[in-house]
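Asker: Submitted below is the structure of interest, expressed as structure tokens.
Nothing in this text is a laboratory measurement; each read-out follows from the coordinates by a stated rule. All of these numbers come straight from a predicted model, not from anything done at the bench. Positions of Cβ are generated from backbone atoms using ideal geometry, with glycine treated the same way; all protein chains shown enter the neighbour counts.
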Amino acid sequence: AAEKKFSAEVRDDNPYSRLMALQRMGVVDDYESIRFKSVAIIGVGGVGSVVAEMLTRCGIGKLLLFDYDKVELANMNRLFFRPEQQGMSKVEAAKQTLEGINPDTQIIPCTYNITTTDVWDTFSADLCMGGIDGRTPIDLLLCCVDNFQARLTVNLACLTYNIPWMESGVAENAVSGHIQLLLPGTSPCYECCPPLVVATGLPEAKRVGVCAASLPTTMGIIAGFLSQNTLKYLLNFGTVSEYVGYDAMNDHFPMISIKANPECRNDTCRSRQAEYAEKVAECGEAAHPL
Ligand code: ATP
Ligand code: ZN
């Protein structure tokens, strides 16, 4: 059996004690609850793989990894994957590395294209029963894909099953990126405000035949923001950011707060907004999920 590297026992040689120190220092009330959290990562590329490693090293209970692609040598200007993993599926390669880092984190490989219509039921079941106990939904979904269609599928699934999620992106020129929190009914859904997408220069429709630029630095920074926001959300400390942009040319980090669009073209988004409005009418501020 794999050695338990992250046991709750407080010992100097146990990485968990360093994390538990956050609790002793009053940053987090209950750090240990991270062991009971389950997060889905869609896209295990330049951003998703780094987020997976960070959360594994933080002692997360369970990660569901979604990606249909294989590791290529062309991926070596990013972090995480190694040349000898070339040809392996990204998800299997990630599972191997992550289990070696922390055997207490359960890694569930999901090696399919989430936009294919005939996997919708599988995708739905994976999200709705992906919780730590295998019966309840995942606690959070992180979208780390590089295309619009996959983001729309994530948006639809998260609205349908009421799953909180965070979106991330790095621009084709590799010098800007963003993270965004999407709480169904409360904050905007991915279809609520397309102008934001345009304004921040997201690689919307990937141009065919154009080799996009990528930098491990920009991807690592975005992965760091996404992982940090995930910890804050799951462990309930600090302020969970709604949107953080990153402009590498000027080291500028625009932060904005956006409301859901009452005229969103997505019907499910509008009904989630109505549900939330009802809750607010009933219990005021306490209705907010954060
Ligand atoms: P590049 O395209 O530049 O070679 P990449 O494909 O690794 O790099 P990244 O931005 O690093 O792109 O990562 C995005 C990841 O999201 C990829 O691994 C890709 O396979 C995955 N992905 C994109 N769309 C889907 C989808 N529909 N289902 C599952 N995984 C997806
Ligand atoms: Zn919407």
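Asker: Which of Lys232, Lys90, Lys37, Lys259 has the fewest other C-beta atoms within 10 Å, and how do the rest follow up to the most? Mind showing how you got there, number by number?
Answerer: Numbers: Lys232 17, Lys90 26, Lys37 23, Lys259 12.
In order of increasing Cβ crowding within 10 Å: Lys259, Lys232, Lys37, Lys90.
Asker: Return the subset of Lys37/Lys90; Lys37/Lys279; Lys259/Lys279; Lys70/Lys95 for which the Cα-Cα distance in this structure is over 18 Å, preserving the input order.
Answerer: Details: Lys37/Lys90 23 Å; Lys37/Lys279 25 Å; Lys259/Lys279 16 Å; Lys70/Lys95 13 Å.
In this structure, Lys37/Lys90; Lys37/Lys279 lie more than 18 Å apart at Cα.
Asker: Now for a separate question. Among DSSP beta bridges whose residues both lie in the chain, state the antiparallel percentage, nearest 5. Walk me through the intermediate numbers first.
Answerer: On the way: 14 of 31 bridges.
Beta bridges within the chain, antiparallel portion: roughly 45 percent.
Asker: Say R0 is 41 Å: what FRET efficiency, to the nearest 0.05, do Glu285 and Ala213 get from their beta-carbon distance? Walk me through the intermediate numbers first.
Answerer: Working: r = 44 Å, r/R0 = 1.07.
Rounded to the nearest 0.05, the efficiency is 0.40.
Asker: Under the definition of Cα pairs under 8 Å and six or more residues apart, what whole-number percent is the relative contact order of the stretch 43-133? Present the calculation step by step, with values, prior to reporting the outcome.
Answerer: Details: 123 pairs, mean separation 30.4, N = 91.
Contact order relative to length: 33 percent.
Asker: Sort Thr97, Thr116 so the one with the fewest other Cβ atoms within 10 Å of its own Cβ comes first. List each step's numbers first, then the result.
Answerer: Details: Thr97 18, Thr116 12.
Least crowded to most crowded, the residues run Thr116, Thr97.
Asker: Once you have the alpha carbon radius of gyration of the chain, what is it after dividing by 2.2 N^0.38 Å, with N set to its residue count?
Answerer: On the way: Rg = 18.7 Å, N = 290, 2.2 N^0.38 = 19.0 Å.
With N residues counted in the chain, Rg over 2.2 N^0.38 Å equals 0.99.
Asker: Using a simple charge model, +1 on the beta-carbon of Lys and Arg, -1 on the beta-carbon of Asp and Glu, nothing else, what dipole does the chain show about its Cα centre, in debye to the nearest 20? The partial results should precede the final answer.
Answerer: Details: 24 positive and 34 negative charges, 56 e Å.
With only Lys, Arg, Asp and Glu charged at Cβ, the dipole is about 260 debye.
Asker: Straight-line reach from Lys62: which aspartates and glutamates fall under 19 Å, measuring Cα to Cα and dropping same-chain residues less than 8 apart?
Answerer: The reachable aspartates and glutamates, counting only those whose Cα sits under 19 Å from Lys62, are Glu3, Asp30, Glu32, Glu53, Glu92, Glu99, Asp104, Asp126, Asp133, Asp139.
Asker: Hey, another quick one. Give the value in nm², to one decimal: projected area of the alpha carbon convex hull of the stretch 221-269, averaged over all directions.
Answerer: Values: hull surface 20.1 nm².
Mean projected area of the Cα convex hull: 5.0 nm².
Asker: Within a 10 angstrom radius of the beta carbon, how do Cys110, Cys143 rank from fewest other beta carbons to most?
Answerer: On the way: Cys110 21, Cys143 28.
Neighbour counts put them in this order, fewest first: Cys110, Cys143.
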